[in-house]
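Below is one structure, written out as structure tokens; comments come after it.
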Amino acid sequence: MRLNDALKWGLLVWMAVVIWAAFQWAPSAVGFQGESARIVFFHVPTAWVATLAFLVSCVASILYLWRRDPMNDVRAASSAALGLLFALLATVTGSIFARIMWGSYWNWDPRETSITFLLLIYAAYFALRAAVADPERRATLAAVYAILAFVTVPFLVFVVPRIWWSLHPDTIINKQGTIKMDSRMFQVLMGSLIGFTGLFVWLYTIECRIERIRQRRQQELL
Amino acid sequence: MNDLMGITLVTLIIWVGLFAYVYRVDRKVRRLED
């Protein structure tokens, strides 16, 4: 078995253990409705992967503008697409938590509002890509936009929700710089973060490979 | 079977299904690359 395959099967087992531990091994959190706090094991990793994906997209965009290698444009677009997908998943899991805790799926809380802006910013990235026909011009404009879009990410993800009062529970690493979480819950969360990062890397490489095949076929046709 | 065990099983089924789908796509891409 190749190392690549072993890693994939390892991810299957790893995430299965994380899922089991999230619901069966981690204790119930105090101060939350029922078992709603267990969503943290999926909500935080999806938000983390979204941020990571937007960072990768920004780095690939910088590399595109520097070296003009079309593969960097492919990397930027693939990563932004996955970022958007994981940001949507973070929004959905957050909404489920909001429904249980606060009685409504959507409350226009600062964190909900900031993620809406983030989703719109990256949706506009794909609208921009779809609007420009010339590949070189599209790649350049998209790269500039992706860099500017990423500038907003630290503000929308980390700053804005901390400036205003929010319904959102205190984050794992809070204002006091301490981790307020049961050690078993923390271990499961770390395991989930590793698993979701692995899943992102796998999906990202598949997307890039598909795009490379598509480009090779287009060149063969010309 | 309690609610939490049911949620565990459903989540595990979703994960295995997702993995199987992505693995299939991965193999298909590999065949196209060769």
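The values are calculated or read from the model by the stated rules, or taken from the named source; none is laboratory data. Only a predicted model underlies this, so the values are computations on that prediction, with no experimental measurement involved. Glycine also receives a Cβ, built like all others from the backbone with ideal geometry; neighbour counts cover every protein chain displayed. When the accessible area is computed, the model is the full protein with side chains, heavy atoms only, and any ligands, DNA or RNA have been set aside. Shrake-Rupley method; radii C 1.70, N 1.55, O 1.52, S 1.80 Å.
Annotations for the structure displayed:
- A:GLU220 contributes about 130 Å² of solvent-accessible surface, heavy atoms of the protein only, 1.4 Å probe.
- Rg/Rh (Cα only; Kirkwood hydrodynamic radius) as it applies to the protein assembly as shown: 1.00
- Surface calculation, 1.4 Å probe, protein heavy atoms: A:LYS180 sits at approximately 140 Å² accessible.
- Cα centroid of segment A:111-163 to Cα centroid of segment A:176-222, whole Å: 19
- Most mobile listed residue (A:ILE210, A:ILE115, A:ILE62) in chain A, GNM with C-alpha springs under 10 Å: A:ILE210
- Summed residue charge, Cβ within 13 Å of A:LEU119's Cβ, Lys/Arg positive, Asp/Glu negative: 0
- Charge dipole (the protein assembly as shown, unit charges on Cβ, about Cα centre) - positive-most of A:VAL151, B:LEU18, A:ALA60: A:ALA60
- Put a plus charge on the Cβ of each Lys and Arg, a minus charge on the Cβ of each Asp and Glu, and nothing anywhere else: the dipole of chain A about its Cα centre is then about 340 debye.
- Residue order by solvent-accessible surface for B:ASP3, A:ASP182 is B:ASP3, A:ASP182, largest first, with ligands and nucleic acids left out and a 1.4 Å probe.
- Taking θ as phi - 60° and the Karplus parameters 6.51, -1.76 and 1.60, the scalar couplings of segment A:183-195 work out to 4, 5, 4, 5, 5, 5, 4, 4, x, 5, 4, 5, x Hz in sequence order, x denoting glycine and proline.
- Summary value for segment A:38-221: 29 percent relative contact order, contacts being C-alpha pairs under 8 angstrom separated by 6+ residues.
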